[in-house]
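A short write-up of the structure that comes next.
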Amino acid sequence: MMKVIIDTNILISALLRDRMPETVILWIITQPEWIWIASPAIIQEYQEVLRRKKFNFSSTLIQQWIDLIYETVVITESSLTLDFQRDRKDAKFLECAQSSGADVFITGDQDFSEAQQLLETRILNLTDFARLFL
């Protein structure tokens, strides 16, 4: 079983641009050997960011994605606290990866490149993930 964490920026890109981000997310949730995992803090961030006025997503679209998240994501508690100096609000993704033993973390955020040394989880951008797994 391959465990994957999806950064919020990938989720938002799926709604904004469709194509590759949406393709990757839909591929992950349809593969029986892959599971999308997230901590409660990550789920909360997904919901808050989806509802941001600047994106102007329709309430229907937001609800479809929130429903999809709750139907497919395996929520895992994280008991770790990591000090990610680069961006403290992003530490929740590293904590989830470390505590769950995630195999892959997909992100478009370059801040995480220096976090690779903290984790066994492979940190990949969307293009690299697609090249390696799709």
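The number of Lys pairs in the chain with C-alpha atoms less than 23 Å apart, excluding pairs fewer than 8 positions apart on the same chain, is 4. Where does the charge balance sit around I35 when Lys and Arg score +1, Asp and Glu -1, over other residues with C-beta under 13 Å from its C-beta? That sum, taken over residues with Cβ under 13 Å, equals -2.
If R0 equals 35 Å, the separation of the Cβ atoms of Q44 and R131 corresponds to a calculated FRET efficiency of about 0.65. Between S113 and V74, the contour length at 0.36 nm per residue exceeds the Cα-Cα span by 11.5 nm.
A simple rule links phi to the HN-Hα coupling: the Karplus curve 6.51 cos²θ - 1.76 cosθ + 1.60 with θ = phi - 60°, which for the stretch 124-131 gives 10, 7, 4, 4, 5, 4, 4, 5 Hz, with x for Gly and Pro. The distance separating the Cα centre of the stretch 103-134 from that of the stretch 1-64 comes to 16 Å. Placing unit charges on the Cβ atoms only, positive for Lys and Arg and negative for Asp and Glu, gives the stretch 20-134 a dipole magnitude near 420 debye about its Cα centre.
The Cα trace of the stretch 1-128 gives Rg and Dmax of 13.8, 40 Å, the first to one decimal, the second as a whole number. Entry note, the chain: the mean residue ellipticity at 222 nm calculated from DSSP H runs of n ≥ 4, each adding -39500 (n - 2.57), is -14500 deg cm²/dmol after division by the residues and rounding to the nearest 500. Across the stretch 38-49, rounded Karplus estimates of 3J(HN,Hα) from the backbone phi angles (6.51 cos²θ - 1.76 cosθ + 1.60, θ = phi - 60°) give 7, 8, x, 5, 5, 4, 4, 5, 3, 5, 4, 6 Hz, Gly and Pro being marked x.
Each value in this text was obtained by applying a stated rule to the coordinates, not by laboratory testing. Please read these numbers as outputs of a predicted model, since none were measured by experiment. Positions of Cβ are backbone-derived with ideal geometry, glycine not excepted, and every protein chain shown enters the neighbour counts.
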